[in-house]
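Here the structure is laid out as structure tokens; the discussion comes afterwards.
The numbers here are math on the coordinates, done by the rules we state, and not lab data. Since the model is a prediction, treat every value here as computed from it, not as a measurement. A quick note on method: Cβ atoms are made from the backbone with ideal geometry, for glycine too, and the neighbour counts reach across all protein chains shown.
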Amino acid sequence: MRKINFLLFVILAAFGFTIQAQSVDFGVKAGLNLASITGDDTSGLDSRTAFHFGVVAEISVSDKFSVQPELLYSAQGAKESFLGESIKVNFDYLTLPIMAKFYVSKGFSLEAGPQLGFLMSSKIKAVGESEDLKDITKGIDFGLDFGVGYKMDSGLNFGARYNLGLSNFWDIPSGTVDPEFGIGDIKNQNAVIQLYVGYFF
């Protein structure tokens, strides 16, 4: 709850910046996800190659600083090979990053900020079968984003970002084991490397 309250504070602060903003630019972005799972019992997991896309708004506060809220669809998870079969854990989120952008030179920015993820789908896929994990996956995920970006005068922009998951995404009471999937007192977090290209109108 404290994490959500903190993010709400950041969102309200971002909207507060619009009052004194020099300009607000709207755009779109899309790119590659290299998603993985960190935490307990993850030594055999490989990254899932997926994608993200969505809309952004850059609120310029000064020539050197802006706030950029985004609304993105993000495909995440991981995969593992077991006895010659590929096992995939697929999480689909609607994410809301709120990025603080510091322009260190013309067009080039360093970025950081919190991210809230709303779970849309959670499944495990193996041997041509798919099982739903949504009942044992938390509906809200919290993390921090760090990245770099470059924006051209034309509005074309691109960059790289890392999402560090801070919350355990399993929703199983402590001391119990899920009877179907055997998941008990383990803690796992999302981690995603994103490469993207975007355009501001």
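Per residue of the chain, what 222 nm ellipticity follows from adding -39500 (n - 2.57) for every DSSP H run with n ≥ 4, rounded to the nearest 500?
-2500 deg cm²/dmol
Starting from the Cα of SER62, move 7 Å in the Cα-to-Cβ direction to define the label point; list residues of the stretch 96-130 whose amide nitrogen is under 11 Å from there.
Backbone N within reach: 103.
Working out 0.36 nm times the residue gap between LEU144 and ASN168, then minus their Cα-Cα distance, what length gain in nm do you get to one decimal? Don't skip to the answer; put the middle values down first.
On the way: separation 24, 0.36 × 24 = 8.64 nm, distance 1.37 nm.
Gain on extension, LEU144 to ASN168, equals 7.3 nm.
Which lysines have a Cα lying under 29 Å from the Cα of LYS138, excluding residues fewer than 8 positions away in the same chain?
LYS3, LYS29, LYS79, LYS88, LYS123, LYS125, LYS187
What full-extension length gain, to one decimal in nm, is calculated for ASP41 and LYS125 as 0.36 nm per residue of separation minus the Cα-Cα distance?
Here the answer is 28.4 nm.
Using the Cβ atoms and a cut-off under 9 Å, what net charge is assigned to the surroundings of ILE186, where Lys and Arg are +1 and Asp and Glu are -1?
After counting each charged neighbour, the total is -2.
Bin width 5 Å, alpha-carbon pairs only: give the P(r) of the stretch 2-200 as whole percents, running from 0 to the bin holding the largest distance.
Going out from 0 Å in 5 Å bins, the stretch 2-200 shows 1, 7, 15, 19, 17, 14, 10, 7, 5, 3, 1, 0 percent.
Subtracting the Cα-Cα distance from 0.36 nm times the residue separation, let me have the gained length for LEU94 to LYS106 in nm, one decimal.
On the way: separation 12, 0.36 × 12 = 4.32 nm, distance 3.13 nm.
Full-extension gain reported as 1.2 nm.
Based on other C-beta atoms within 10 Å, arrange SER47, SER23 from fewest to most.
With the sparsest Cβ surroundings first, the list reads SER23, SER47.
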